[in-house]
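Heads up: the structure comes next, in C-alpha cells.
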Amino acid sequence: MKSHAKVVVIGGGVVGASVLYHLTKAGWKDVLLIERAELTSGSTWHAAGGMHTVNGDPNVAKLQQYTIQLYKEIEAISGQSCGVHITGGIMLAGTRERLDWLKMAKARGRYLGMELEMLSVDEAEKLFPLMDKKHFVGAMYDPIEGHVDPYGVTHAYAKSAQIGGAEIVRQTRVTDLKPRTDGGWEVITDHGNVVAEHVVNAAGLWAREVGRMVGIELPVLAMEHQYLITGDMPELAGKKEQLHAIDFEGEIYIRQERAGMLMGTYERAGVPWSETATPWDFGQDLLPNDLERIAPSLELGFQHFPALEGAGIKKVVNGPFTFAPDGNPLIGPVRGLSNFWVACGVMAGFSQGGGVGLALSQWMVEGDPGADIWGMDVARYGDWTTLAYTNAKVRENYSRRFSIRFPNEELPAARPLRTTPIYEKLLNAHAVFGDYCALEHPLWFAPTAEEAVDKVSFRRSNAHPHVGLECAAVRDAVGLLEISNYGKFDVRGPAAAEWLSTVMANAVPKVGRIALTPMLNERGKLIGDFTLCRLAPDHFFVVGTYAAEVFYMRWFEQHLPPQGVTVRPCAMEYVGLSVAGPKSRELLQSLVREDLSTAAFPFMSFRRMSVGMVPAYVGRVSFTGELGYELWVTTDYQRALYDSLIAAGREVGLKLFGGRALNALRIEKNFGTWAREYRPIYGPFEANLGRFVDFKKAHFIGRSAALEERDSGGALRLVGFSIDAADADALGDEPIWHDGHVVGWVTSGAFGHRVGASLALGYVPAAVASADGGFEIEIIGERHRATRLTGAAYDPTGALMRT
Ligand SMILES: Cc1cc2nc3c(=O)[nH]c(=O)nc-3n(C[C@H](O)[C@H](O)[C@H](O)COP(=O)(O)OP(=O)(O)OC[C@H]3O[C@@H](n4cnc5c(N)ncnc54)[C@H](O)[C@@H]3O)c2cc1C
C-alpha cells in the first residue's frame, strides 16, 4: 500500500467503487480505495440489484437516470459485465389516490425526458400477466427499469478506476483517522498508515463507525431487509423476461430471477440492525430469516400474484442496509472538518451509486457538485439527529417506503421533539403543527380541537377554508405568525461589513436598515437568500433558511478571513413572532414608545425596541406583502411577547395564522423561497432577484458569472401564473406546457384567497417567458389553462407594505 495519496476512499461497496471511478474520470489519478475485506463486503453483495429512474425529487431522479446510462460505459472500459437486464417496469395502483400519485410522477417525468405511460388494468395485465387485475385500478409503465448484478457493477467500477490510475487495497481495515496540521489526514489501518489530502467515508454499513473516528455522529441506521426467490415457475418458461413490478398497496416489489420470481417487501414493522454499533466481524453474512414478520405482505403478494403461491420458496435473503432519516443519501464535505467527505446512506446503490460518485467527485475536484444535490447534501441535517431520533425516523421511513406522502401530510415519528415556549399556547389555540428540522411550527389553526387535524389529500383539504380566513385577517386587519423556524446568524467584528459584502450579492445595509440579498456561488448560481439587518457598524443580525443552517455555515467558514469577523448560528437563541396586516402598526404602536410611522420607521428599518416589557429586535418587513413587523427575542421572552401581542390584538381583530397561509400570501406576491424558487440551478436574474445584485461593488462571489447572466438574460425565467383549476392547486414539480409542449416546471403553488385564484410560480425558458397565451399547467394528470401574470397577483406595485 502506498504511503501517500491525494484521496483515500474508505469502503469498496458499490458507492466507494463509483466514487473512485469518478475521481479518476475527473482527472485525479493518485487515489486509493481501502477495503476491510473483499469488494462488496457490506450491503452490496446480497442486494437484489433492482434499478429505476422514478424518484420524488426530480434532481435525484436525474442522477438515477445518469446511473443507469453509466453501466454501458463502465462495461466498455473494464470488460466486466454489469449483468444489466432492462426489462421495463410497471407500478401498480390499487387505489384512486395511488393512481393520482402515479399521474403526478408521470407528469414530473415529462420535463425529465422520461417516457412514462399510464395504463389501464387490462393493458397492465397484458404486459404483466402474473397480476390478478381485480386488486388494481391502473398502472404506470417505465421502459427504463431493470436489474443488475451487484458484484459485476462494483467490479466494473473498480476495474475502470484501476485502468484510470486508482489503486485498490483489500483485506485492510481503516481503524482510525487523525487530522494533520496541513489539512489532510493520517489514515491508520491494520496494515500501516497512509497520509491523504482527502478522505471519503463510503463505509456503508460502517459509515457511522468511520464517522465516529472523526467525532461526528452521522444520521444513518441499517434496517433488516428480506426478499425471497421462488422455485422455477412454468408460467415463465419460454417467455420474454418479466417486467419489474411494484405493488404499492401490497408493499411488494417483484421481478424475475432466472426461472423463478424474486419478491421483496418493506414491511410496516421493520427491524433495525445494529442500532448503536456495527460489528466489525460482520462480513458476507446474512441475517436469520424471519418469514413470520413479512407474512402479511407475502399473503397479499400471493393474492395479487397468485402463480407465485404454488411456486414454493427456494431461497430467502435477509440483509441489512443503511438509510438516512428521509431515505436520501448523505453526500458532501462535512462542516467543521477539513477535506473530509461522505458518500453514505445510499439505500438504492444501483439506481443512485453512479450519480452519487459523479456529484461527489465533481465537488472534490471542481469545488462544486455540478448539479442540484440539496436533497442529498449531508448538510441538510443538524444537531437534532441524535441516535434515537435517527432510529425513529429511519424506522418510519422504511415502513412508509411504498406509502403515499400527501402534500399536507405531516409524519408522526420523533415528535414533538423541539418546541418553542409558546407551543402549548398555540396548541390550545388549535394549531395543526408541522415538523421542520424537528421543530414544531404552526401550519394552520382550526376552530376546535376536534377539527385540528389534516385530512390528507392531493386536493384542497379540510384546512382550505380556515387558511382562507387566516389570509383574510392578514389582508384586512392583522395576523400573528410564529417565525421561530428561520435560521439566524450573529455576524460581528471590524471586518464584518466587508466580509458580508464579499459573500453576499447585494450591498450591505446602513445601520438601522435591512437589505435582502441572494448569496451566489462562483458559478453565479443561488445558494441562499438572506435578510441582512444591521444593528451597528460592526454587528449584523442575519436571517435565512433554518434547514440550510449547516450548509450556510460550511460555506461561511470556507470564506471567512483569519480574523476580524465571527459568525455564530443562533437560530434557537432568538425566536420570533411576526405581525402583519394593515392594522399591525396600530397594534405594535400600542406596545412601543418609538414612533412607528413610516416617516420615523420606514419599510426595511431595523432597531432594538422594548415591546411592552420585552427587549426585541424589530424589523419592518413582512413576507406576506402587507405592512408588517418581525420581532426577534431571546427565547425566555417569547411567552411574554406573545401574551402582550394577543392582549393588545383584541382591539384590532388580531388572528393567528400559520405557514400554509403564509405560503398562499407570499405566492400572491410572487415572493420566492429557498429550496423552491431559489436553488443552485438558477441564477439571480432568472429568479427575478436581479434588483438585489449590486454590481457597483467591485467584488463579490459570483460577480462575473452574474454579470454574464445579466447581459445574456439567462436561460430560464421565474414566472407567476393563475390557473383555471377547480379543486386542486399546483404543489410544485408539475409540468408547465406551452403550445402543446412541456417547457418548464412549477416550483410552488397555492390558492390565492384574496385574489380568488389558483396560483403557481415556475420556471420556463426565457424565450417563452413573455408569451401572452398558450400556457397550461398539469395538475394530477389534467392540463389546465394557465395565464401568465405580468406581476404579482396582489398589490403588484408593493405600495401596501411600504405605507
Ligand atoms: C437484501 C437487500 C436488498 C437490496 N436490494 C437493492 C436493490 O434491489 N436495488 C438497490 O439499488 N439497492 C438494493 N439494496 C441496497 C444496496 O445494497 C445498497 O444501496 C448498497 O449496497 C450500498 O452500498 P455502499 O457502498 O454504500 O455500502 P456497503 O455495501 O455496505 O459497502 C461498504 C464497504 O465498506 C467497507 N468498509 C467499511 N468500513 C471500513 C473500514 N473501516 N475500512 C475499510 N473498509 C471498510 C465494507 O467492508 C464494505 O465493503 C439492497 C440491500 C439489501 C440488504
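General observations
- Remark: segment 627-677 projects, on average over all directions, an area of 4.9 nm² (convex hull of Cα atoms).
- Table column - 3J(HN,Hα) (Hz), segment 753-761, Karplus curve with 6.51, -1.76, 1.60, x for Gly and Pro: 5, 6, 7, x, 9, 7, 10, 8, 10
- What the chain shows is 37 Å² of accessible area per residue, with the surface traced by a 1.4 Å probe over protein heavy atoms.
- Accessible carbon and sulfur surface of the chain relative to its total accessible area, %, 1.4 Å: 52 percent
- Inter-site label distance for Glu292 and Ala269 at 7 Å from Cα along Cβ, in nm: 0.9 nm
- Here's how it looks for Met118: its modeled amide H is under 5 Å from those of Tyr141, which are all 5 or more places away or on a different chain.
- Dividing the convex hull volume of the alpha-carbon atoms in segment 591-689 by its residue count gives 139 Å³ per residue.
- Dipole magnitude of the chain, debye to nearest 20 (Cβ charges: Lys/Arg +1, Asp/Glu -1, about Cα centre): 1760 debye
- For segment 51-152, the equivalent ellipsoid derived from the Cα gyration tensor has semi-axes of 28, 17, 9 Å, listed largest first.
- Unit Cα scatterers, Debye sum, segment 742-785: log10 I(q)/I(0) for q = 0.27, 0.31 Å⁻¹: -1.16, -1.26
- Taking the chain and dividing mean pair separation by its residue count, relative contact order in percent (alpha carbons under 8 Å, at least six apart): 11 percent
- Here the calculated FRET efficiency for Met572 and Ile646, from their Cβ-Cβ distance with R0 = 25 Å, stands at 0.65, rounded to the nearest 0.05.
- Ordered from longest to shortest, the equivalent ellipsoid semi-axes for segment 149-265 are 41, 19, 11 Å, each the square root of 5 times a Cα gyration tensor eigenvalue.
- Label zone at Leu127, where the point sits 7 Å out along the Cα-to-Cβ direction: segment 71-92 residues whose backbone N lies under 15 Å: 86-92
- Between Asp724 and Ala76, the modelled label-to-label distance comes to 4.8 nm, taking each label 7 Å out from Cα in the direction of the beta carbon.
- Annotation: amide H of Arg173 within the under-5 Å range of Asp190, His191, sequence separation 5 or more or interchain, hydrogens built in the peptide plane.
- Cross-link pairs exceeding 23 Å between alpha carbons, from the set Lys62/Lys103; Lys178/Lys525; Lys62/Lys126: Lys178/Lys525; Lys62/Lys126.
- Placing R0 at 41 angstrom, the Cβ-Cβ distance between Thr790 and Asp368 gives a FRET efficiency of 0.75 after rounding to 0.05.
- Legend: residue pairs Lys106/Lys488; Lys106/Lys159; Lys25/Lys240; Lys2/Lys159, Cα-Cα distance threshold 28 Å; pairs beyond threshold, Lys106/Lys488; Lys106/Lys159; Lys25/Lys240.
- Computed 3J(HN,Hα) for segment 198-211, one whole-Hz value per residue from the Karplus formula 6.51 cos²θ - 1.76 cosθ + 1.60 where θ = phi - 60°, is 10, 10, 10, 8, 10, 8, x, 4, 10, 4, 4, 5, 5, x, glycine and proline marked x.
- Radius of gyration, Dmax [the chain; alpha carbons; angstrom]: 27.3, 87
- Cleavage-rule hits, GluC sites (Glu not before Pro), segment 542-595, DSSP coil, Cβ neighbours within 10 Å at most 16: Glu573, Glu594
- MRE, 222 nm, helices only [DSSP H, n ≥ 4, -39500 (n - 2.57), over the chain, to nearest 500]: -7500 deg cm²/dmol
- Virtual spin-label span in nm between Lys2 and Ser338, 7 Å along Cα→Cβ: 2.1 nm
- Three-way shape label, segment 657-803, alpha-carbon gyration tensor, a/c 1.5: oblate
- For Val9, nonlocal amide neighbours, meaning residues 5 or more places apart or on other chains whose placed amide H falls under 5 Å from its own, are Leu32, Leu33, Ile34, Val200.
- In sequence order, calculated HN-Hα J values of segment 307-315 (Karplus, 6.51, -1.76, 1.60; Hz; x Gly/Pro): 5, 5, 4, x, 7, x, 9, 8, 8
- Chain lengthening between Thr797 and Arg173 when straightened (0.36 nm per residue, less Cα-Cα): 218.2 nm
The values are calculated or read from the model by the stated rules, or taken from the named source; none is laboratory data. Computed from a predicted structure; not experimentally measured. Backbone-built Cβ (ideal geometry, glycine too); neighbour counts: all protein chains shown. Areas reflect the complete protein model, heavy atoms only, side chains present, ligands, DNA and RNA absent. Shrake-Rupley method; radii C 1.70, N 1.55, O 1.52, S 1.80 Å.
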